[in-house]
Amino acid sequence: MKITKKIVLLFAMVCVTTMSACGEGITVEKDRTNKEKNPENTTKNAKEDIVVNGEEVTIRIMQYKPEIREEMKAALNKYMELYPNVTISLDTETFQNATSAYEREIDGKKMPDIFNCAGSYAFEFYKDYLEDLTDEPWVEHANAGMLDLNMVDGRVYGLPMTTEGMGLIINKAMFEAAGIDVQQLDNFQKIEKGFAKLQKAIDDGKLKDMYPNLKHVVAVQGKEEWVLGSHAINICLSPEFKGDVFKCAEAKQVDFTYQNAYRDYLELQLKYSAAKEDYTKALDVDYNTAVNKLLAGEEVACIQQGNWIYKQVEKVNKKVADNLIYLPAPIKGYKEDCIFSIVSSYWCVNKQSDKKEKEAAKHFLNWLYQSEEGKDIVVYKFGFTPVFNNYGDLKPSDPLTKNMMEFFENGKGISMVFQGCPGGEEYTQNYFGREVKRVLNGEIDWNILFDEARKEWKKRAANR
């Protein structure tokens, strides 16, 4: 199968998240959702459609967005009430474990019936498991551009999950308590002045009564290679490729013209963190610590992350969650007032599953993203931004995602291009992210990092 200009980007582990996007620093967890076959508690949809002629069928989903684990389990239970002949089990992986988990699935010849993927670098490896979804009913409703990154020779191989945004996320109430107008923090210099003013207020004890736990402005997640690599690398990659992931995917070499923008961006955060005098301290901070303890626990006012963290913070501290907004991820010398955007991932169906399993998998995805009940789950339970044109007035209700959409609607979004890197996350996360940690550890300096990263890119690109 020839990969055209619309190169398939079907397996770069994002999170965003991404993640991602997005990752969660915990060990792999298996979630098994089983239905209770109780006819009295089941209902049928208006069309009374029947899955696989009413025959018993079991399918398995593997997904790597831990932040929607519980919500997904509830969605599966609802679906199985409607279609009692279908049993669905759910495996939830963390972002950083996803690649190795899928490789184990392939080695054991037991790939799940539905799985998450995005990115060109592994297409040749995973193409044998990607069912052609071109004729699925949701395809005609996809918003412009949503299918571009998962089309090969005009055929569609994944359902776009959602769009997400990445930037510096702050607790605006803390800044306002220090007399800082957060709406004015729209470039690198102003953000740095805002950080300095807030840190001074903290150090002077002016916020002690309101925020007794507040110690530093920022928490740097130095333990997470995907934060330092897959996400933050866009600071120096997106401007070089003008936000065009296809140009990134076709590039035989990278210049890193904006390498100083990456250095300044990360050092800005370090300067106002607990690691300001010893960068190695950042290496102990993982995603969960930053989100659940430091941000939600009001020990810091800012972390680099995306809108996917809202529900996680809300479970710990709803007051904090409702005060979360974006600051830009400022690219010094390029665009300093924007956040990053991405189609976070795709739902794919295993081509090698049995006919009944594939039919049930496709039916579930169509129900989840196209039925009225499913749309409500996707938007209000998952907190996803709609990627289809038939959602009417349905929009995420949480303030962080609303703020993200305001950035995008005002033209202040930059496309992330890391999915086009040679080797995907093997380059952005396992190589580049690891090398940034060596800078934090004092083993190498920034110039050595980028010199070696150029060579590594060229070597990997030659083997594409």
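The values are calculated or read from the model by the stated rules, or taken from the named source; none is laboratory data. The structure displayed is predicted, hence computed values, not measured ones. We place every Cβ from the backbone using ideal geometry, glycine too, and count neighbours over all the protein chains shown. Please note that ligands, DNA and RNA were not included when accessible areas were found on the heavy atoms of the full protein model with its side chains. Shrake-Rupley method; radii C 1.70, N 1.55, O 1.52, S 1.80 Å.
The listed residues are Lys332, Lys315, Lys358, Lys362, and the only one of them that is open to solvent by 10 Å² or more (accessible area, probe 1.4 Å) and free of Cβ contacts under 8 Å to residues at least 40 places away in the same chain turns out to be Lys315.
Within region 127-147, is even one residue open to solvent by 40 Å² or more (accessible area, probe 1.4 Å), small (Gly, Ala, Ser) and modelled with pLDDT of 80 or more?
The initial filter retains those residues of region 127-147 that are open to solvent by 40 Å² or more (accessible area, probe 1.4 Å), namely 127-128, 132, 135, 137, 140-141, 143-144.
The next check asks that each one be small (Gly, Ala, Ser); those that pass are 144.
Those still in the list that are modelled with pLDDT of 80 or more too: none.
There is no residue in region 127-147 that is open to solvent by 40 Å² or more (accessible area, probe 1.4 Å), small (Gly, Ala, Ser) and modelled with pLDDT of 80 or more.
One residue alone among Gly229, Gly194 is crowded, with 20+ Cβ neighbours inside 10 Å, under 18 Å from Trp446 (Cβ atoms) and not aromatic (Phe, Trp, Tyr), and that residue is Gly229.
Tell me whether region 163-182 contains one or more residues that are at pLDDT below 95, within 20 Å of the chain's Cα centre (by Cα), surrounded by 15 or more Cβ atoms within 10 Å (Cβ to Cβ) and not in a strand (DSSP E or B). No, because not a single residue in region 163-182 is at pLDDT below 95, within 20 Å of the chain's Cα centre (by Cα), surrounded by 15 or more Cβ atoms within 10 Å (Cβ to Cβ) and not in a strand (DSSP E or B).
Can you tell me which residue within region 329-354, out of those that are assigned to a strand (DSSP E or B) and hydroxyl-bearing (Ser, Thr, Tyr), is farthest from Val139 (Cα to Cα)?
Taking region 329-354 and keeping what is assigned to a strand (DSSP E or B), we get 339-343, 346-350.
Among the residues that remain, those that are also hydroxyl-bearing (Ser, Thr, Tyr) are: 341, 346.
Values: Ser341: 21, Tyr346: 13 Å.
Applying the filter and picking the extreme gives Ser341.
Evaluate the following for Lys276: is it open to solvent by 10 Å² or more (accessible area, probe 1.4 Å), within 18 Å of Ile303 (Cα to Cα) and assigned to a loop (DSSP other than H, G, I, E, B)? Considered against the rule, which asks whether it is open to solvent by 10 Å² or more (accessible area, probe 1.4 Å), within 18 Å of Ile303 (Cα to Cα) and assigned to a loop (DSSP other than H, G, I, E, B), Lys276 comes out as yes. Here Trp308 fulfils each of the conditions (1) buried (at least 19 other Cβ atoms within 10 Å of the Cβ); (2) part of a loop (DSSP other than H, G, I, E, B); (3) at pLDDT below 95 apart from (2).
In the set Ala290, Ala360, Ala275, only one residue is hydrophobic (A, V, I, L, M, F, W, C), within 24 Å of Lys208 (Cα to Cα) and more than 23 Å from the chain's Cα centre (by Cα); that residue is Ala275.
Going by the conditions given, is Gly205 of a type outside the set (Val, Ile, Thr) and at positive phi? Before you say what the answer is, go through the steps one by one.
On the way: of a type outside the set (Val, Ile, Thr): yes; at positive phi: yes.
For Gly205, the condition - of a type outside the set (Val, Ile, Thr) and at positive phi - is met.
The test for being within 25 Å of Met404 (Cα to Cα) and open to solvent by 10 Å² or more (accessible area, probe 1.4 Å) holds for Val245. Kindly indicate whether Asp264 is in contact with a Leu (Cβ under 9 Å, 6 or more places away or on another chain), acidic (Asp, Glu) and touching a residue at least 24 places away in the same chain (Cβ under 8 Å). No: the conditions fail for Asp264. Selection of region 339-355 for residues being open to solvent by less than 20 Å² (accessible area, probe 1.4 Å) and within 17 Å of the chain's Cα centre (by Cα) yields Ile339, Phe340, Ile342, Val343, Ser344, Ser345, Tyr346, Trp347, Cys348. Every condition in (1) of a type outside the set (Val, Ile, Thr); (2) under 23 Å from Lys242 (Cβ atoms); (3) at pLDDT 95 or above is met by Ser344 except one, and the failing one is (3).
Report yes if some residue within region 235-257 is within 22 Å of Asn171 (Cα to Cα) and in contact with a helix residue (DSSP H, G or I) (Cβ under 6 Å, 6 or more places away or on another chain); otherwise report no. Steps first, please.
The initial filter retains those residues of region 235-257 that are within 22 Å of Asn171 (Cα to Cα), namely none.
The answer is no, given that none of the residues of region 235-257 is within 22 Å of Asn171 (Cα to Cα) and in contact with a helix residue (DSSP H, G or I) (Cβ under 6 Å, 6 or more places away or on another chain).
As a summary of the residue check, Ile448 satisfies the conditions (1) open to solvent by 20 Å² or more (accessible area, probe 1.4 Å); (2) in a helix (DSSP H, G or I); (3) of a type outside the set (Ser, Thr, Tyr); (4) under 21 Å from Tyr334 (Cα atoms) except for the one numbered (4). In the set (1) open to solvent by less than 10 Å² (accessible area, probe 1.4 Å); (2) part of a helix (DSSP H, G or I), the condition left unmet by Pro422 is number (2).
Matching residues to (1) touching a Pro at 6+ places or on another chain (Cβ under 6 Å); (2) of a type in the set (Gly, Ala, Ser):
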| residue | (1), (2) |
| --- | --- |
| Gln221 | no, no |
| Ser230 | no, yes |
| Phe246 | no, no |
| Lys252 | no, no |
| Tyr258 | yes, no |
| Tyr279 | no, no |
| Lys293 | no, no |
| Tyr310 | no, no |
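Of all residues being in a loop (DSSP other than H, G, I, E, B) and of a type in the set (Ser, Thr, Tyr) in region 206-249, which is farthest from the chain's Cα centre (by Cα)? Just the residue, please. Among those that are in a loop (DSSP other than H, G, I, E, B) and of a type in the set (Ser, Thr, Tyr), it is Tyr211. Scanning region 250-265 for residues being open to solvent by 10 Å² or more (accessible area, probe 1.4 Å) and either assigned to a helix (DSSP H, G or I) or in contact with a strand residue (DSSP E or B) (Cβ under 6 Å, 6 or more places away or on another chain) (or both) gives a total of 5.
Could you list, in sequence order, the residues of region 247-272 that are in contact with a Gly (Cβ under 9 Å, 6 or more places away or on another chain) and more than 11 Å from Cys236 (Cα to Cα)? Of everything in region 247-272, those that are in contact with a Gly (Cβ under 9 Å, 6 or more places away or on another chain) and more than 11 Å from Cys236 (Cα to Cα) turn out to be Lys247, Cys248, Ala249, Glu250, Ala251, Leu270.
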